[in-house]
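K.L.:
Take a look at the following structure, please.
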Amino acid sequence: MKPRLAFPFAFVVATVTLIGAPTAAASPLGSVTCLSGSQSVQYSPGVTATPIEQQIDVTTDYQNCVSLSHPTLHHGHFAISTREVQSCLTLARTEEIDFTITWYGDDSDVVGHSGVSVTRVVSDVAAGVLIEYVGTVTSGLASGAPFVQQITYPSLNVTDCLADGVQSRNSLTNITKIGLLV
């Protein structure tokens, strides 16, 4: 009789263990919503009507963030630098970019990081410029979750393009959702 009970008992234990085990696709962060924030871009030299190579520094801050799975998560930050040839006429474009967000708690301690891979689409809209980042969290907190960020900027001042160039731009709004579609 022992062999008959040993097999069903082992099967039940293995089944319960597999069902109760977390899967690799489970997200350790769940969803995050950041209702505000800012993005600033610095161009050196300034962007003009003539295409030239520039140093571009982008800094993005995520504020008023909420995550049910990490209730201490409060805000985040990422910064990237690149060199590109561009002009005022080529700022509205689509490109693939990767960046890493550092997440902070209320006390500014690091909660974790999220590697993100997105398609960045820049479009002119009635009252300004809309930048959308749409992609996936590829590593770290919320790995595998969809990523959507919508940033609005004021319209580009064409006069600046014809003079010394656009040196910097600052966003008006920045709304970000991870794990939830906008």
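K.L.:
Looking only at residues in the stretch 143-162 that are open to solvent by less than 30 Å² (accessible area, probe 1.4 Å) and over 13 Å from the mean Cα position of the chain (by Cα), which one is modelled with the highest pLDDT?
P.N.:
Kept after step one, since they are open to solvent by less than 30 Å² (accessible area, probe 1.4 Å), are these residues of the stretch 143-162: 145, 147-149, 151, 153, 161.
Checking the rest, the ones that are also over 13 Å from the mean Cα position of the chain (by Cα) come to 153, 161.
Values: Tyr153: 93, Cys161: 88.
Only one residue tops the list, namely Tyr153.
K.L.:
Let me ask something additional. Of the residues in the stretch 115-125, how many are surrounded by fewer than 17 Cβ atoms within 10 Å (Cβ to Cβ), within 16 Å of the chain's Cα centre (by Cα) and aliphatic (A, V, I, L, M)?
P.N.:
The total comes to 2.
K.L.:
I'd like the residue in the stretch 27-59 that is closer than 16 Å to Val137 by Cα and part of a strand (DSSP E or B) and, out of all such residues, is most open to solvent (accessible area, probe 1.4 Å).
P.N.:
Selected residue: Thr33.
K.L.:
If the requirement is being within 27 Å of Thr72 (Cα to Cα) and open to solvent by less than 20 Å² (accessible area, probe 1.4 Å), which of these qualifies: Gly165, Gly128, Gly112, Gly140? Give the derivation first.
P.N.:
Details: Gly165 fails: within 27 Å of Thr72 (Cα to Cα); Gly128 fails: within 27 Å of Thr72 (Cα to Cα); Gly140 fails: open to solvent by less than 20 Å² (accessible area, probe 1.4 Å).
Matching residue, one of Gly165, Gly128, Gly112, Gly140: Gly112.
K.L.:
Of the residues Val111, Val118, which is at pLDDT below 95 and of a type in the set (A, V, I, L, M)? Explain how you work it out, then say what you get.
P.N.:
Details: Val118 fails: at pLDDT below 95.
Just one listed residue meets the conditions, Val111.
The values are calculated or read from the model by the stated rules, or taken from the named source; none is laboratory data. Given the structure is predicted, the values throughout are model-derived calculations rather than measurements. Counting neighbours? That spans all protein chains shown, and the Cβs are built from the backbone with ideal geometry, glycine included. The accessibility values were calculated without ligands, DNA or RNA, using every heavy atom of the protein model including side chains. Shrake-Rupley method; radii C 1.70, N 1.55, O 1.52, S 1.80 Å.
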